[in-house]
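Every number here is computed from the coordinates shown, using simple stated rules; none is lab data. This one's a predicted model, so the numbers in the text were calculated from it and none came from an experiment. Note that each Cβ is placed from the backbone with ideal geometry, even for glycine, and that neighbours are counted across all protein chains shown.
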Amino acid sequence: MRKIISTLIIAATFQSGLHAQSDATPSEEQLYRPNFHFSPKKGWMNDPNGLYYKDGVYHLFFQYYPDGNKWGPMHWGHATSKDLVRWEEQPIALYPDDLGYIFSGSAVVDKNNTSGFGDSKNNPVVAIYTYHNPNREKDGKIDVESQGIAYSLDNSKTWTKYSSNPVLKNPGIRDFRDPKVIWDTKRKQWVMALAAQDRAHFYTSKNLKDWTFQSEFGKELGGHGGVWECPDLFPLKVEGSKEEKWVLIVNINPGGPNKGSAGQYFVGDFDGKTFKIDEHFTKQLQREKAVWLDWGKDNYASVSFDNVPQDKRIIIGWMSNWEYAQEVPTELWRSSTTVAREVSLKKTKDGYILKNVPVTQLKKYQGKPITKKISLKSENQLISKSEINLSKAVIDLDLKKMNAGKYTFSLKNTLGEEVLFGIDNKTKELFIDRSKSGKTDFGKNYATPITKAPLNEIYVNAKMKLVIDKTSIEIFFNDGEKVLTEIFFPNENFSQLTLNTNTNGTSLEFNAYQINTK
Ligand code: FRU
């Protein structure tokens, strides 16, 4: 969001104590506040930061401006959860200081007390974040961004900033931010992935305080339609094999596959210093140009948790897009996170797929299913208002004997507003069309172009999991092999699901579950 930042700093100065807070109408609050995705009680939120698990609790920090509903001087807000589904907002964790605003970053559980901030009985949690200095920016200097650390000895109730910050000074690169740190078990070192304008930098450290530059990656590879932001490097087992690969997620803005912000990934190997993409992945990249984590317009800055039990790799993204995030029609707060997702790596003849599906904990909140089996006609009523509340639901769809036509689902309300989505098995695409979904005229590239994700084949059988929460839909196609996440703002909650098709002979079976988190 480099372009946006400077304009916003000026805007934010005039905005403190924003009047919009008190003008918020209760109806807007009720209509748009998600039921089970995290959104801050008030104020502006963007990227998830500092995700970690410790002592039975998941911690989510986030880019936060408490005094307005647009981007402003960044803090780290904080929320906690026992199961990655129900989040409880906590007091602000990190405030801006003389070195600057607190931009995105990560947190690690320092189990061996390598930093010396704790002791063997009390492992410190160390946050590594970017300082963005608005004064340097105003003066037109290049060294606006540097990296700082802070630690907590009481499970994130209180934080102490390190007295010798910054720990990583700016080397003369304008965009130099979003440190994501992991413990490299093989080499017994900390590894930091950092976004440096149009590439990733890797640094290593023994104590989280002294960092050594090791290598850079990606200047000539993958998507470059915008600045690189929020990288995440981690090892992952290949499904059904003993092989381990390293995955590098890189978020870019703009330049996403359907305009604006999006996340791409690379698969390769990391030797403790250098990340190199795998041969098999190289061919995939040549074909696809960039490989996307999510094809929808609303999943940005996805990064993973530190220290999750059983080595699971869980990610959460910001469910919005810099193209219009500051104009979406909510007043009291802005933005929510995606549902927490577990990622896994599948190797196919065409390359690697970083699959992502909702965490299994979500099942705990699913009620008894409504199950239906239908031989599809041209128009099919799937779910009506009396059957399930579609503003908090999970639906598992199973299509069989499909042919080369179009399957258009419609999530609609009584005002005739609808979100269309589905599978075009002729053009070989998944799609979401929110051009008639209610309020649509507030932002660039919001209603159009229509979101599309290419498919490699004409499917005979296909599955889709839908996670629907009032103002969002997350579509997980074939066990998360392709994902589309989008938000919408109807003038009345959606209450019906239908399916239209120009095909013959297809059968559909589905289970629809109410989500009850209250
Ligand atoms: C991504 C981003 C990060 C930055 C933060 C500022 O959305 O631009 O690169 O650290 O947001 O809020």
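Take Val308, Val167 and order them by how many other Cβ atoms sit within 10 Å, fewest up front. Walk me through the numbers before you get to the answer.
Working: Val308 17, Val167 20.
Ascending number of Cβ neighbours within 10 Å: Val308, Val167.
Arrange the peptides 480-488, 398-406, 94-102 so that the one whose residues have, on average, the most other Cβ atoms within 10 Å appears first. Walk me through the intermediate numbers first.
Numbers: 480-488: 23.8, 398-406: 16.6, 94-102: 18.7.
Taking the mean over residues of other Cβ atoms within 10 Å, the ranking is 480-488, 94-102, 398-406.
Kindly provide the helix-only [θ] at 222 nm of the chain, computed as the sum of -39,500 (n - 2.57) over DSSP H runs of four or more divided by all residues, to the nearest 500 deg cm²/dmol?
Working: 5 runs with 38 residues, N = 518.
About -2000 deg cm²/dmol.
For Thr348 and Asp424 in the same chain, what is the full-extension length gain: residue separation times 0.36 nm, less their Cα-Cα distance, in nm?
Values: separation 76, 0.36 × 76 = 27.36 nm, distance 2.27 nm.
Result: 25.1 nm gained on full extension.
Against the chain, whose longest principal axis comes from its Cα atoms, helix 279-288 is set at around 60 degrees. Qualifying chymotrypsin sites (Phe, Trp or Tyr not before Pro) in the stretch 360-442, where qualification requires a DSSP coil assignment and no more than 13 other C-beta atoms within 10 Å, comprise Phe442. Per-residue extension of 0.36 nm, minus the Cα-Cα distance of Lys169 and Asp479, leaves a gain of 107.4 nm for this segment. Taken along its three principal axes, the alpha carbon spread of the stretch 290-418 comes to 46, 46, 34 Å, from the longest extent down to the shortest.
Over all projection directions, the Cα-based convex hull of the stretch 133-262 averages an area of 11.0 nm². Helix 2-13 axis versus longest C-alpha principal axis of the chain: approximately 80°, rounded to the nearest ten.
Sorted from longest to shortest, the spans of the Cα atoms of the stretch 7-358 along the three principal axes equal 56, 45, 44 Å. Shape analysis of the stretch 79-119 based on the Cα gyration tensor places the equivalent ellipsoid semi-axes at 22, 20, 9 Å, largest first.
The separation of the stretch 27-66 from the stretch 463-494, counted between C-alpha centres, amounts to 19 Å.
Considering every alpha-carbon pair of the stretch 366-514, the percent of pairs per 10 Å bin, from zero through the bin containing the longest distance, is 11, 44, 37, 8, 0.
Among Trp318, Trp211, Trp295, which comes first, second and so on when ranked by fewest other beta-carbon atoms within 10 Å? Could you put the intermediate results ahead of the total?
Numbers: Trp318 28, Trp211 22, Trp295 25.
Ordered from fewest to most neighbouring Cβ atoms within 10 Å, Trp318, Trp211, Trp295 come out as Trp211, Trp295, Trp318.
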